[in-house]
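A short worksheet on the structure shown next.
The values are calculated or read from the model by the stated rules, or taken from the named source; none is laboratory data. Predicted, not measured: the structure shown is a model, and the values here were computed from it. For neighbour counting, all protein chains shown are included, and Cβ atoms are generated from backbone atoms with ideal geometry for every residue, glycine included.
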Amino acid sequence: MSTVTAVVVGAGHCGLAMSHHLAARSIDHVVIERGEVANSWHTQRWDSLRLLTPNWMTRLPGWAYQGDDPQGYMSAGQVADFVAGYAAASTVPLVTGTTVIAVRPGAQGFEVETDQGVWNARSVVLATGTTRGVVPPFAWHLPDGIHSVPAIDYRNPDQLADGGVLVVGASASGVQIAAELQRSGRPVTLAVGEHVRLPRKYREQDILWWMDTVGILDERWDEMDDLVRARNLPSPQLVGAAGTLDLNALQASGVRVVGRFAGIRDGIAQFSGSLTNVCALADLKLGRLLDTIDARAGGRGERPEPTAAPRAPLGINLRSGEIRSVVWATGVRPDFSWLDVPVFDHRGRLQHDGGVTGWPGLYVLGLPLLRRRRSTYIDGARADSEDLAAHLIHHVGAGQVPQSREAS
């Protein structure tokens, strides 16, 4: 049994960012990873995926993109190489190929059980990228013969049967997968619920450059009117490439757009009739964002055309053979099934306040809108890890750390 001040679970960009700050304060720690560095970027991304954020925004503590294409968008493999390079340059105290089986309260704070032994630690940081796809219960009612796959397990069109595909969910993953499948020659139907519409560029700048410049990405979690809703909003309809990928672009390419997938009855896929209202709400929110940018820049930029919401069918017969596969782009959630600490609500969701759980010494990194809006992106790990490292150091009593608002 080994003893250390802090155990960081996960050697993705968040775990490595936390290690950077702990090492800078001479806090003895270990980073435990079940696979290799940046494991989720190797194993839980589809082949053609690219980051939604431009390369200049790929930054970690003491490390940043140094290539010759700052306005480009990294592939999943390039992100994995970027993170691995960071680990190599930082001499992180890594323990790879080791699976955490359980984290539970212990005599010295926490007992971290792995398949290679047990660690005692005064503090634990959950920075694991392990996630599982969220699939609605009615997915079990799909007729036999229809291939069903969560987006997190999707890799490329070749893994699906020939024929029509129903993609469920119109967030970043859903629209990109729908576009790729349409290009492969398959008829694609996209089921659209609440979504966030963004143009790739506005007023000749990347939309995320504007959101960074006007301070939107730095809005704090404790300043939001409805934090729960903000954290549950789908990721924006963006693609890591030049050009905007929204419902208008998808329809122009031949994708059939229908309303939210509401259920299955007698083999009939049922869709909500609220598509027009949902699209209008997304357009309204987009207009408010662009108004904020215009207020900073002056004048008014050229706005995207409103979403053309079609007269969509309210049902599709899933036994007709029209749909051969369903891809569920309905979200992911972290897998903390191995965490044996009472920090979950009645629905099994990890409870935290800006990454600080209710159990002293237990922290979490890498969740959407953890401490600010930029937390959703790789770039957010810089400030989030610094804040939580300060809180952790104060907890273990390693020096007097000022409890500034940013570290509270």
Legend entry - Close pairs (7 angstrom Cβ cut-off, 6 or more residues apart or separate chains): over 30 Å from Ala107 (Cβ atoms) in region 329-341, among the hydrophobic types (A, V, I, L, M, F, W, C) and outside any loop (DSSP other than H, G, I, E, B) anywhere: Ala329/Ala151; Ala329/Val167; Ala329/Val168; Ala329/Ile177; Thr330/Val168; Val332/Ile152
Inset, instruction - Scan region 122-140 and give yes if some residue there is in the same structural domain as Ala309 (by TED's automatic domain parsing), among the aliphatic types (A, V, I, L, M) and assigned to a helix (DSSP H, G or I), otherwise no. - result: yes
Legend entry - Tally, over region 294-305, of residues that are surrounded by 14 or more Cβ atoms within 10 Å (Cβ to Cβ) and out of contact with any Leu (no Cβ under 8 Å at 6 or more places or on another chain): 2
Inset, instruction - Having 3 or more residues that are in contact with a strand residue (DSSP E or B) (Cβ under 9 Å, 6 or more places away or on another chain) and farther than 25 Å from Ile216 by Cα is the bar; report the strands (runs of 3 or more DSSP E) wholly within region 310-384 that clear it. - result: 315-317, 323-328
Legend entry - Residue satisfying all of: in region 52-84; charged (D, E, K, R) and not in a helix (DSSP H, G or I); farthest from the chain's Cα centre (by Cα) among these: Asp68
Inset, instruction - Being in contact with a Ser or Thr (Cβ under 8 Å, 6 or more places away or on another chain) and hydrophobic (A, V, I, L, M, F, W, C) narrows it down to one of Ile177, Ile146, so name that one. - result: Ile146
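Working carefully through the options Ser19, Ser48, find the one that is modelled with pLDDT under 95 and among the hydroxyl-bearing types (Ser, Thr, Tyr).
Answer to the check: Ser48.
Of everything in region 49-76 that's of a type in the set (Gly, Ala, Ser) and crowded, with 18+ Cβ neighbours inside 10 Å, which residue is farthest from Pro157 (Cα to Cα)? Don't jump to the end; show me each part of the working.
Quick first cut of region 49-76, residues of a type in the set (Gly, Ala, Ser) only: 62, 64, 67, 72, 75-76.
Restricting the remaining residues to those that are crowded, with 18+ Cβ neighbours inside 10 Å gives 72, 76.
Values: Gly72: 24, Ala76: 17 Å.
It comes out as Gly72.
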Legend entry - Unique residue being within 30 Å of Arg265 (Cβ to Cβ), surrounded by fewer than 20 Cβ atoms within 10 Å (Cβ to Cβ) and either not assigned by TED's automatic domain parsing to the domain that holds Leu16 or not aromatic (Phe, Trp, Tyr) (or both) when the list is Ser320, Ser325: Ser320
